[in-house]
Structure formats: structure tokens, C-alpha cells
There are 4 protein chains.
Amino acid sequence: MSPATAPRGRPRSAERRVAVLRAASSLFQEVGAAQTSIDAIAARARVAKQTVYRWWPSKAAVLAECAVEGYLTLPSFHAPATGDPRADLTAWLEESYDALETPRFLELFRALNEASGSDPVIAAQLDRVFARQLRQAIRGMLDAAFDAGALRPGIDLDVVTQLLIAHVSAAVTQRADRGDIPALVAVLLHGIGAGPRSRGAPMDTEEPR
Amino acid sequence: MSPATAPRGRPRSAERRVAVLRAASSLFQEVGAAQTSIDAIAARARVAKQTVYRWWPSKAAVLAECAVEGYLTLPSFHAPATGDPRADLTAWLEESYDALETPRFLELFRALNEASGSDPVIAAQLDRVFARQLRQAIRGMLDAAFDAGALRPGIDLDVVTQLLIAHVSAAVTQRADRGDIPALVAVLLHGIGAGPRSRGAPMDTEEPR
Amino acid sequence: MSPATAPRGRPRSAERRVAVLRAASSLFQEVGAAQTSIDAIAARARVAKQTVYRWWPSKAAVLAECAVEGYLTLPSFHAPATGDPRADLTAWLEESYDALETPRFLELFRALNEASGSDPVIAAQLDRVFARQLRQAIRGMLDAAFDAGALRPGIDLDVVTQLLIAHVSAAVTQRADRGDIPALVAVLLHGIGAGPRSRGAPMDTEEPR
Amino acid sequence: MSPATAPRGRPRSAERRVAVLRAASSLFQEVGAAQTSIDAIAARARVAKQTVYRWWPSKAAVLAECAVEGYLTLPSFHAPATGDPRADLTAWLEESYDALETPRFLELFRALNEASGSDPVIAAQLDRVFARQLRQAIRGMLDAAFDAGALRPGIDLDVVTQLLIAHVSAAVTQRADRGDIPALVAVLLHGIGAGPRSRGAPMDTEEPR
DNA sequence: CGCTAAACGAGACGGTACGTCGAGTCTTGCG
DNA sequence: CGCAAGACTCGACGTACCGTCTCGTTTAGCG
């Protein structure tokens, strides 16, 4: 097969591509996303502006590619998966909040998030470098807990994942403090409803340890 | 008392102030936040550009004041408070998602959210028009449920509120779909943990009705 | 030969250049130099403001180029050269005064003159369109007179030229009236000194040194 | 008669007046005429802008009053009057050129000169601090020479004065160098014409070469 | 090897908005 | 009514990016 129209003309220079990504990355680290103009990227990369526009539709697209290609040091959201959901959740939340306190990351996230609206490619890239990673981490954590019998059967893991990501994201986009993590974990574990099973059961936040 | 330095000089014109707010509001409704330039606001308000700059540091500040002063029709996040948390939560989530689908509101929220980072005044205004309202609605809902004995005693309502707001906000800032609301409500009500009391308890999402 | 670094990039558009010059000229004729803003020039030339700033450092520079390139109808200071200095000088002075009474020209002269202080290029252009022309005219007049034997030998024509130009310029920059031209011509021709030659005596002041 | 309208209301404060003049003078000395804005004058004088506008129609008017009132140290154009016109003229020209080299004075002169066009009051003030002084100096010089019998009778002193002022002014408004002063003096003394009495009389500047 | 076609450097260009400045005027309240 | 304070209009300033364009110049593969 490969009717793939034979590539005619001068092929794209890989050199310029990395030059642009490098320039964008360093500029972003130095002055932030807002101040990183395409003019500046091109200048620093010693590349014609048109060369940037030829391959990337926008500044956000360049930054997204930087993120995907590993030109930007992003926090990684590893989650412990010991099987003890309370401990795991608590540890993971603490860690995530710490990671998110990097101001540059926050900026990047916002920029890509905004651009995601109009550019599905960026949306996919953003998902790849951020949400997917989170989902997998959380998933692993919950799976381990489930295997350990610590989770109620039948719960929708997607919903839980979504909830956790939202909670952490909110701390990013808004500048909320991290709140009371143990209480949050308690709510997640036991719910808020006065279920039939909670009869007489004490709150576990302050459970005797 | 009140040595509050007598106001000297020509007092600020209330007329121009509302003219600016009105102009900004209508422009925002018509063309969106991105296209609403300070030049355009001043022009439409028939006011000198300098008059805008004198009183507002940025476009976002003008829009924030528009929001606070009621010049923009914002969705209101009323919550039913029947005492039945499942029904209330479900209804409220549906309603909130609907409200958030107004594209202009989404844009406004993003714009103000972004500006909140560098301007604490805007942050406060944003909280006032958006989060505070949400908090009160949710609070009312949960209080009613608590009074009806439908909530487990001892839970931290703040945490729950925060969680719900985050979940809804995430749908705003990211463009996530609303997900599986009943499943979400179920998780919230019963938690994810296999508590001693949940033994054998069936998932209630599809409980026999 | 011509190692003249090959011109890189998109070449300057001659079209825009003349559009700007034309716009500046017509604006100047219509509203005067003071009211001729760069904004207005760019607007009338249907050119981006930056295009003006790219090539001309100031409004005066544009006008100077207009003058040099012949976009402005300037008075020409032709001088008769009959060989009769009294008649020639008188005629030329009268004519020059008439020419200078054009208010626009006066304005232009002042503007360029002022800008000459900080911009040597403008100074050169001003000289080219104004002073040089005057010098040549006067020179021709005096040369003819000299050839006709009507001038005392040995006089410094440069000085005389400078003196005449100054006298006329003064009428321009200040708004002096033209004074008593015949008296001026008389002074120029015969000097003010009680020369020895009026009595056949030797030179006047302290001649023998 | 003399209904000399009784002055009603608060009388003009002499204090503010000198404050304004002082402020204008110092600003002018420090940053020049172009940078001396009315705003700056008022601010430095600790006076309301309106107070400036109430009494002076323009910045130039303030500066003109500064000059007249002696707030600005201006060069004085004293002329020697020994009765020897060659020596006197030469000395005076040299001195005048030196004096005019003060850049601030040049600036002031240009500013007032320009404003003279539209404001007769300023024109009169300019004349008073500059031209009149010059005229008197030259006049004195020439009168002494006349009394000493060194001037040809019947010459129009006004014309000569005008010519000299023009020559010096030209060096101010344009940035011409001072030229060949001895040659200029020679031309002034003996004229350029080959008059009957100059027959055979050698020029004295460059004598026979 | 020469031809073709696209990638590239350089930089001009139209456009939009920016935020600032200076000019003059207007509106308060105080003395 | 003078005056301080300062809000206001108006118009221009010069700059910053945006994204497009127009040159000339590589740099590959293909015939």
C-alpha cells in the first residue's frame, strides 16, 4: 500500500523543530506563557517566524508539543497502591497538591486548557500529559484497594477518578488551599448518606487508632 | 471621628461608571470577553479611554465589576432543599450543568478565573458572584438533608461543598461532559469504602425502586 | 564589485512609500504641519502606522522627504543676474519676501528647522531644498555682477550670501516686515564705513598694520 | 470716570504667581522647553493646573514671563562702543556667538519665537528681552562710531541693526557656524559695490594676495 | 545532472490593541 | 472669586504581537 503521496520538495528540518521547542520551553520557564510570543520563540530559535506558523497553529500548540515531547519538566502524579485506600488517597492528595504548587505548571495548564476549547489536538495532548496520567495513577490505586477487598463492589471507578481529578484541578485553576484532606478522604470512603449500614457506626475520621 | 479625609476635587462621575459597565456588559454579551477591548468599551460608553484606565486596572476588572453589580445575567445556582439528598443532589447537578452550558458564562468564568491570579480584588469578586452563591445553595441543601436525618452525623459539610463545587467547576474550565450523575450521587452518598456496615449492602444506584 | 550585501527579506514597497509621502503632503497642505499626525498620515495613505515608523523616525522626517522628493510645491528663489547688483538685489529681495509669505512654507521651514537640531539627515535635506538653492541663486547674481565689474574685487561672496540668507530667513522665522529694501541694498553696496575712498584717502580704520 | 470696577472676590495670590514662575524656570533649566509641561509646572509649584491656565494662556507665555521677570539667566548682549566700528563689531559678534551657544537659551528663543506668531504679548516680551536689547547695544556701538566720524553719513542705522540681528539670529535658529567674522565686518564696512570711490581701493580683509 | 517543489531566512506589511502622555475644561468644596 | 484637587475629553503617541506576504536561497528526491 502506502499510496502515501510521495513527499516532494525539501523535507521538514528536524533541527528547526527541536530548536523551536527548545526556545519555547526556555522562554516559558523564564517569562511565563503570557509573555512567550511567537515572535520571541522564532527569534530565540533563530528561525523565521513563518517556520513556526508552518508547523504550529498557535503558541499553545507549541507549548503542548513541548509538554508531550518532554521539553518541560512536569510534575508526575505517581500514586501509591498499597491496597489501603485511606492511606493511599491521603498520600496521593498531599503529593499532588505539592506538585501543583509550581507556578509555571499552573500557568501551562491554564494555557493549554484554554486552547483545548478550540483545538482538539491540544485537548488530546493535554489529556495525554496530564489527565491520562492522573487517571492511571488513581485507577491503579483504586484497583489495588479493590483487590484488597477495601472497596465496596459495584462502584463506578470512572466517577471517583473524575471526582478526584476535579478536586485537584480546582485547586489549580482556582487558588484554593488544599482543605482538610483527612475529612475529604473520610467522605470519599464512607459517603455522606445516613445509610442503613451506618447505624450506630461511628465516624471514622476520628476513629480510635 | 471619621476623620476620613474629606473627599477633595471633582467627585467621580457615577454616570460614567455605569456607562462603562453597561458598555462592557453589552460588548461582552455580543462579542465575548476576548474581543471586548478597552478601546471598544470606552468608545461604546462614550467615555475617554483614560477614564476607564483611571478606575479599572484591566478589562477583567471591569467585567468582574459588571458581574458583581448585576450587569450581567448570570445563572443562579439555586438548589432544592427537600431533605432528600439523592433527589436534591441529582436535580441540582443537572441544573448546574445546564446553566454552565451558556457559552458566555463559561467565557466569563475563565476570564475572571485567570485574572484572579494576579488581582486579589477580582478573586474576591469572582468568589462573591460565583463560589459563594454555590456554597450557600449546597449548604442549604445539605442542611435540609441533615435535618431530615438523611445525612450521617459528623461529616464535614465544607468538604462536601468543596467537592461539589470542584466537580462542577471542572466541567466549566475543562470541557468535560457531565458524566454519570446518578453514579456520582451514589458515590457521594455511600462512599467507596467497604465499611463494616456496607457488607452485603447492595449498590443503590439501581436499587429497587 | 558591489559586495553590497544582497538585500534579504521582502523588499520595501515603493508603492507604500509614495502613498505615505503623498498623504503627508496633502495633509500638510490642508491642515498644516502641527495638525499632521503620524496617525493621520498612515490612515490617509492606507498604510499601517508601523510602516511609517519603520521608515521615518518622525513626522518631520516624512515632511523633509516630501520636500526633497518634490511632493510639496515650494517657492523657488530664482534670482535675476543682469550684472546690475542694485537692481538684481532689489528685485530678488522683493521676490523672496513675496514667496515667503506663503504661510504653509513658513510652517514647513520652521518645522524642519527645529527638527534639524536633532536629526542631521533632516538638516541635510533642509539645506538641500532651501539654503542650497538660495545660495546658488545669490551666487549667480553676484557672479554676474562681478563679471560686469560692478563688484569690488576680493570680497568674500560666501559672507555676502550668508548675510542675505540670514536677512531673509529672519523675516521667515520671526515675522519681521521686509523693512526698507532700497536702504538695505545701499548698505550692502557701499558699506557703512566712512571709507577713505570717498575722499581718495587710504583705507579707513587702522589699515596700515 | 474711573469706575475702576472694585476688585471683587479673592485677589490673585502673588505667592502662587512666583511659585509658578520659579517652577517653570527650574523645569526649563533642567529638562528643556519641550519637556516642560503645564502639568509638571503646576505639580512642582504645588498649584492647581487651573491656576496656571487662569493666568497664562500657554506654556510659552509662562516662559516669556519668566524671561521678562528675570527668572531665567539670559545672556546679555552688551556691545563695546569705542568708536572704532571694526573692532567693536568684531568683538560684539564674537561675544554674541559665544552667548548663543548656550543650548537652553537657543531652545527658549525658538519656543518664544514660535509662540510669537499667535500671541502678540509674547512677541512683545520676546522683543523686550532679546531684540530690543540687541538693538540698543548695536545702536550704541554705531552711534559712537558715527560720532567718531567712522561712519558714512546718511546710512540707515535701522537697516544695519536689522542685518546684524538677522545674521546672529540665523546662527541661532539654524545651527550655522559663525563664519568668517572679519570678512563679514569688512563687507559691512565697505560694501560690495565697486563704487566710484572704491576704485582701486583694495579690500582690506585679504588685502592684495 | 538538472528539474521541481517545498522548506527556509529575512523582513515588510496590514491590523488591532495596548497603555501613556499632555492639552485644556469642568466640577466639587474650602477660604 | 481665587484656589486646590482631581475627574474628565480629546487626540496622539510609540510599541507589541498577530498572522500574512514576498522575496531569494537551500535542500531534498525524481527524471
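Restricted to segment A:12-105, the set of helices (runs of 4 or more DSSP H) holding at least 2 residues that are within 14 Å of another protein chain (Cβ to nearest Cβ) and more than 16 Å from DNA strand F (Cβ to nearest atom) comprises A:85-100. The residues of segment D:134-161 that are of a type outside the set (K, R) and without any contact (Cβ under 8 Å) to a residue 12 or more places away in the chain, listed by number, are D:Q136, D:F146, D:G149, D:P153, D:G154, D:I155, D:D156, D:D158, D:V159. Selection of segment C:114-153 for residues being open to solvent by less than 60 Å² (accessible area, probe 1.4 Å), modelled with pLDDT of 85 or more, within 13 Å of chain D (Cβ to nearest Cβ) and closer than 23 Å to D:P103 by Cα yields C:A115, C:S116, C:D119, C:I122, C:A123, C:A124, C:L126, C:D127.
For C:A4, the test of being within 24 Å of D:G117 (Cα to Cα), at pLDDT below 95 and within 16 Å of DNA strand E (Cβ to nearest atom) is failed. Would you be able to say whether some residue in segment A:177-200 is more than 7 Å from chain B (Cβ to nearest Cβ), open to solvent by 30 Å² or more (accessible area, probe 1.4 Å) and at pLDDT 75 or above? Within segment A:177-200, one or more residues are more than 7 Å from chain B (Cβ to nearest Cβ), open to solvent by 30 Å² or more (accessible area, probe 1.4 Å) and at pLDDT 75 or above. Scan segment D:69-125 for residues that are among the charged types (D, E, K, R) and in contact (Cβ under 8 Å) with a residue 60 or more places away in the chain and jot them down. Residues satisfying the conditions are D:D84, D:R86, D:E94, D:R104, D:E107, D:R110, D:D119.
The values are calculated or read from the model by the stated rules, or taken from the named source; none is laboratory data. Bear in mind the structure is a predicted one, so any value in this text is a computation, not a measurement. Here Cβ is always computed from backbone atoms with ideal geometry, including for glycine, and neighbour counts include all displayed protein chains. Keep in mind that these areas ignore ligands, DNA and RNA; they rest on the heavy atoms of the full protein, side chains included. Shrake-Rupley method; radii C 1.70, N 1.55, O 1.52, S 1.80 Å.
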